[in-house]
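What follows is a set of notes on a single structure, which appears directly below.
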Amino acid sequence: GAGVSQSPSNKVTEKGKDVELRCDPISGHTALYWYRQSLGQGLEFLIYFQGNSAPDKSGLPSDRFSAERTGGSVSTLTIQRTQQEDSAVYLCASSPAGRKRGGTQYFGPGTRLTVL
Amino acid sequence: KQEVTQIPAALSVPEGENLVLNCSFTDSAIYNLQWFRQDPGKGLTSLLLIQSSQREQTSGRLNASLDKSSGRSTLYIAASQPGDSATYLCAGPSGGGSEKLVFGKGTKLTVNP
């Protein structure tokens, strides 16, 4: 079946602009995660959604970052007033269950964001 | 606060060799640990997920072990092939029952034909 998809695959924007990144998880997966991978920094957790529970936003680096998950499916990560340090690959993952219940995460191909 | 370290950062081996990748973590109260593979320009592929109650997991030529008491996990790759060339990442929960994953910086493996 279809895996996790993300769009766009590449995004180039100017400093100060807002951007929206989209994630379509695997159908039926209740858990959804956003991560950021910066050059030399490794993978960094951003936010976690599980069903209808309040999301875990503890990884969001600033209040310029926000994310929504509509109808328990598609998620959008929004970055307002982008800065050059926001340049990274943004990865989305979904899981049929939370990790504590042994859910394996399935990753999308990522969106490469470049802020000029 | 969980910290995950992977050694070595890069490894180059000839085809056919057996090899071990190392992962260490500081918070031993983890409920599971996961190994991933990342190919250049692509997302992550989950390889193995080891629950805290398990000591190892096997999938084909891959075997991952978990030793909570020592804060270590290893990924053993048998009879390596050029197609195994990729970056291997391990990740564990940040602690406190959080779903937040903390990743190591990975080991870049090159298998030479």
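The HN-Hα couplings worked out from phi for the range B:43-50 by the Karplus form 6.51 cos²θ - 1.76 cosθ + 1.60 (θ = phi - 60°) are x, 9, 10, 6, 9, 8, 10, 10 Hz, whole numbers, x standing for Gly and Pro.
Remark: the range B:18-31, residue by residue, has Karplus-estimated 3J(HN,Hα) of 8, 8, 10, 10, 10, 9, 10, 9, 8, 9, 6, 7, 8, 9 Hz, where x stands for each Gly or Pro and the curve is 6.51 cos²θ - 1.76 cosθ + 1.60 at θ = phi - 60°. Just checking the listed ones, A:G71, A:G59, A:G40: in the Gaussian network model of chain A with Cα springs under 10 Å, the one fluctuating most is A:G40.
Note on B:S53/A:N52: beta-carbon distance plugged into 1/(1 + (r/R0)^6) with R0 of 25 Å gives a FRET efficiency of 0.30. A dipole drawn for the range B:10-113 from +1 and -1 charges on Cβ atoms has a positive end, and of B:G71, B:N18, B:T110 the residue lying farthest that way is B:G71. Charged neighbours of B:Q54, selected by a Cβ distance under 12 Å, balance to 0 (K, R count +1; D, E count -1).
Among the listed pairs A:K57/B:K108; A:K11/B:K105; B:K42/B:K105; B:K1/B:K68, which have their C-alpha atoms separated by more than 21 angstrom in this model? As for pairs spanning more than 21 Å Cα to Cα, those are A:K57/B:K108; A:K11/B:K105. With each label modelled as a point 7 angstrom along the Cα→C-beta vector, the B:D67-B:N112 pair spans 3.0 nm.
Taking the Cα centroid of the range B:58-113 and of the range A:17-87, what is the distance between the two, rounded to the nearest whole Å? Taking the Cα centre of the range A:17-87 as reference, the centre of the range B:58-113 is 24 Å away.
Could you check which residue among A:P61, A:P25, A:P96 shows the biggest mean-square fluctuation in a GNM of chain A with a 10 Å Cα cutoff? Between A:P61, A:P25, A:P96, it is A:P61 that shows the largest mean-square fluctuation.
Give me the net charge of B:S85's neighbourhood, meaning all other residues with Cβ under 11 Å from the Cβ of B:S85; Lys, Arg count +1, Asp, Glu -1. Each step should come with its number before you reach the end.
Numbers: positive: B:R37, B:K108; negative: B:E15, B:D39, B:D84.
Around B:S85, the surrounding residues sum to -1.
Considering the convex hull of the alpha carbon atoms of the protein assembly as shown, report its projected area averaged over all viewing directions, in nm², one decimal.
Numbers: hull surface 49.7 nm².
Seen from a random direction, the Cα hull of the protein assembly as shown projects 12.4 nm² on average.
Short to long, the 10 Å bins of the Cα pair-distance histogram for chain A hold 15, 49, 29, 6, 0 percent of all pairs.
Magnitude of the Cβ-charge dipole of chain B, K/R +1 and D/E -1, about the Cα centre, nearest 20 debye?
Numbers: 10 positive and 9 negative charges, 40 e Å.
Here the size comes out at about 200 debye.
Remark: the protein assembly as shown carries a charge dipole of roughly 200 debye about the Cα centre, counting +1 on each Lys and Arg Cβ and -1 on each Asp and Glu Cβ.
Our summary gives the range B:1-58 a relative contact order of 27 percent, counting only alpha carbon pairs under 8 angstrom and 6 or more residues apart.
Once a ≥ b ≥ c are taken as the square roots of the eigenvalues of the Cα gyration tensor of the range A:39-82, is the result rounded (a/c under 1.5), prolate (a/b larger than b/c) or oblate (a/b not larger than b/c)? It is prolate, given that a/c is not under 1.5 and a/b is the larger ratio.
Counting only Cβ charges, +1 for Lys and Arg and -1 for Asp and Glu, the dipole size of the range B:37-98 around its Cα centre is about 60 debye.
Every number here is computed from the coordinates shown, using simple stated rules; none is lab data. Predicted model, so just to flag it, every value in this text is computed and none were measured. We place every Cβ from the backbone using ideal geometry, glycine too, and count neighbours over all the protein chains shown.
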